[in-house]
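Presented below is the structure to which this report refers.
The values are calculated or read from the model by the stated rules, or taken from the named source; none is laboratory data. Since we're looking at a predicted model, the values are computed, not measured. Methodologically, a virtual Cβ is constructed for each residue, glycine included, from the backbone with ideal geometry; neighbour enumeration extends over all protein chains shown.
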Amino acid sequence: MNNPARTAALAVFDAINTGELAVLDALVTQDFVDHGSPFPLPPGPAGYRQILTFVHHVLNIRYTLEDVFDTDDRVVIRATAAGIGVDAIHGQGADGKPYRMTTVHIFRTEGPLLAEHWGVRDELGTRIQLGTLPAPDPAAFAPQGG
């Protein structure tokens, strides 16, 4: 069975990857909320287009989808983001360096449309990859005493 909301969620990732964000008008509700945005957004397609423009054009993120599943009112996608570091976002020394980041996206749906989004991103792992934060010292995890 083909879930139209699943199709909408997949179309969002196609839009991010291509930069063709005008399609958001047909994919999200007029009061859509992205709970994962690092800055405040107006609700609806215009707000979602604002954050996804940042994702596509500033962070240069392109997604590879790993897993997709859905229920009556949720679509969940596990994806790998490939992006380019930006000093102002990732820390001094990140500019221009490629990275890969594990992400999970949960969409609440209303019929065929997406109504809310929550994103979980491995930003710590990204900063370690980019060299703007040190990797944890393995000795810190060794058993103490004897």
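Just a few scattered comments:
- Number of residues in region 9-20 that are over 17 Å from Ala46 (Cβ atoms) and buried (at least 21 other Cβ atoms within 10 Å of the Cβ) equals 1.
- Residues satisfying the stated conditions in region 56-88, i.e. in a helix (DSSP H, G or I) and crowded, with 18+ Cβ neighbours inside 10 Å: His56
- Identity of the residue in region 26-40, modelled with pLDDT of 95 or more and surrounded by 13 or more Cβ atoms within 10 Å (Cβ to Cβ), that ends up nearest to Thr80 (Cα to Cα): Asp34
- Annotation: Gln92 fulfils all but one of (1) out of contact with any helix residue (DSSP H, G or I) (no Cβ under 7 Å at 6 or more places or on another chain); (2) over 12 Å from Leu114 (Cα atoms); (3) touching a residue at least 40 places away in the same chain (Cβ under 8 Å); (4) assigned to a helix (DSSP H, G or I); the unmet one is (4).
- Residues located in region 98-119, provided they are surrounded by fewer than 17 Cβ atoms within 10 Å (Cβ to Cβ) and free of Cβ contacts under 8 Å to residues at least 60 places away in the same chain: Pro98, Arg100, Thr102, Val104, Ile106
- Taking (1) crowded, with 19+ Cβ neighbours inside 10 Å; (2) assigned to a helix (DSSP H, G or I) in turn, Val23 satisfies each apart from (1).
- In the set (1) surrounded by fewer than 16 Cβ atoms within 10 Å (Cβ to Cβ); (2) in contact (Cβ under 8 Å) with a residue 24 or more places away in the chain; (3) part of a helix (DSSP H, G or I), the condition left unmet by Ala139 is number (2).
- Qualifying residue in region 93-100 (condition: in contact with a strand residue (DSSP E or B) (Cβ under 7 Å, 6 or more places away or on another chain) and either among the β-branched types (Val, Ile, Thr) or farther than 21 Å from Asn17 by Cβ (or both)): no
- Within region 35-62, residues that are at negative phi reach partners that are exposed (fewer than 14 other Cβ atoms within 10 Å of the Cβ) and among the aromatic types (Phe, Trp, Tyr) with beta carbons closer than 9 Å, at six or more positions or on different chains, in the pairs Gln50/Phe39; Ile51/Phe39; Phe54/Phe39.
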